[in-house]
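No value in this document is a laboratory result; all are computed from the given coordinates. Computed from a predicted structure; not experimentally measured. Don't worry about glycine lacking a Cβ; one is built from the backbone with ideal geometry, like all the others, and counts go over all protein chains shown.
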Amino acid sequence: MRNPSRLILLLCLSLADMCAAGEPETFDRLTFHAAPRPLAKGAVTSDWPRVLGPQDDCSSREKPLLKSWPEGGPKPVWEVAMGEGYTSPAVSGDYCVIFHSLDRKETVECLHRETGRRFWARDYAVEYQDRYGFSNGPRGSPVIADGYVITLGVTSRLTAFDLKTGDQAWQHDLRSEYHVPQDFFGAGSSPLVVEDLVIVNVGGKAEAFDGFEDRGERARKLATKGVSVAAFDLRTGQERWRIEDEWGASYASPVLASLHGKTKVLVYAGGESDPATGGLLCIDPATGTLHDRFPWRHEEYIQATGSSPVVIPGKNRVFITTCYPKNRPIGGVMVEFDPTYKAREIWQSKKIACHWMTPLYYQGHLYAIDGERENNSRLVCVNADSGVELWSRNIEWQDSKLSAILGRSQPVGLSILRASLLRVDEDFLCLGETGSLHWLKMTPQKCEELQKAQLFYALNTWSLPVLSNGLLYVRQQAEGLDRKSGPRLICYDLRSE
């Protein structure tokens, strides 16, 4: 039998946290469906405090999980209607934090992870219009660390909130303070918290950006050296160190890496510039020392970097990738850091060129979605030592239900397209771009589909799903093709009996 005194202590601590935050309340955008199953005896669970998960590698140690789904897929627990944005939630303890844009306000809400009820909500006005007609909401996902919620909005507003109360601790308008340009799609990187530091790919420039006369003047100012990366005190917001470089802010998030036994921060930087510049920065988080900068970007003007660095454990190696330039990408490169933290190329390949998903490393291999557009995307497996592609696959099927929704006589062909991947419970969860969910077993020899469910029919399902405490959180980012649902966050029960 478990120690009853320990269970009582944990219950008391949980109740104390609940009281500190206040009782969560229902609200008009919440729909509750059904309570989840109890966790299985001996279940392994974890938080998901930042966009790529607790290890910065799109993986979770949670188990056991439901591998055999009922008709229609995993059961929804609750859902919350959401505004604009391309963010994933962050989950810590009882708290599930979401970040989106409602009524021209960037909005942060703290929900109860199992009921969707709301502890608190905070917002601030923001003026942003996407240059290419995409969502006007935030791209960077919230981060939870040491009792704080950190957000970086689409206009580079960096804000810290108290996790339990929602009180604002501090805020920086990075755009005005560091001369950050709007870039192609606004700001989109998620912050990284390392101990008491909030590390941000700021992408600032030396000059302000009002009154451009022509593209040449813009290109010149975008090429100036400003604050590329900065660290801020988690509790006060005070700048602790900065790295000045002409490489701007990408849409990739900084990650932690253990290199030669030391903790380093890796930033795949590079914002809008003409010609385009950027690459991998290796930084000492304690001092802000820039160890090395490894260029990896084509000179073509129109390109945005979205995949975060992939650390190869135990080998002092890191993989980075981009799908640009269109139709002829430079692809990906594996680099190795020597004991002085200088990077050298090990191999490069055009067979693994990712748009925004971050590849997964598992047992000597990289698994990823290669391709910039829907019509050229494919699931690939690449040997991480050599860069040799071992297989590729397009997961496709015919869907009669969608044909009925669209009023067509023949089944409609669907595919996972530019999907997202999570590695969990010895297999892979795949969220397709139009709302399909799959259990995949992937090895260096093949990809086997174990389960498939169509959660909804909607385009632009681009945010990485989140797994915590046996619950899967999926962001639907567009109106359903059946016109019955809009943008929302849905919590599904993946707990095994």
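Multiply the residue gap between Lys105 and Glu244 by 0.36 nm, knock off their C-alpha separation, and tell me the result in nm, one decimal place.
46.9 nm is the gain from fully extending Lys105 to Glu244.
Could you order the peptides 470-481, 135-146, 287-298 from most to least packed, using the average number of other C-beta atoms within 10 Å per residue?
135-146, 470-481, 287-298
Under the rule of -39500 (n - 2.57) per DSSP H run of 4 or more residues, summed and divided by the residues of the chain, what mean residue ellipticity at 222 nm is obtained, to the nearest 500 deg cm²/dmol?
-2000 deg cm²/dmol
If I stretch the segment between Ser496 and Asn375 completely, what's the gain in nm (0.36 nm per residue apart, minus their alpha carbon distance), one decimal?
Extra length available between Ser496 and Asn375 comes to 40.0 nm.
I need the trypsin sites (Lys or Arg not before Pro) found in the stretch 218-271, filtered to DSSP loop residues with at most 12 other beta carbons within 10 Å of theirs.
Taking the stretch 218-271 and a limit of 12 other Cβ atoms within 10 Å, the loop trypsin sites (Lys or Arg not before Pro) found are Lys225.
State to the nearest 20 debye the size of the charge dipole of the chain about its Cα centre, where the only charges are +1 on K and R beta carbons and -1 on D and E beta carbons.
With Lys and Arg at +1 and Asp and Glu at -1, about 1100 debye.
Roughly how many whole Å is it from the C-alpha centroid of the stretch 122-142 to that of the stretch 309-362?
Centre-to-centre (Cα) distance: 29 Å.
Using a basic spin-label model with each label point 7 Å from the Cα along Cα→Cβ, how many nm lie between Arg61 and Leu459?
4.2
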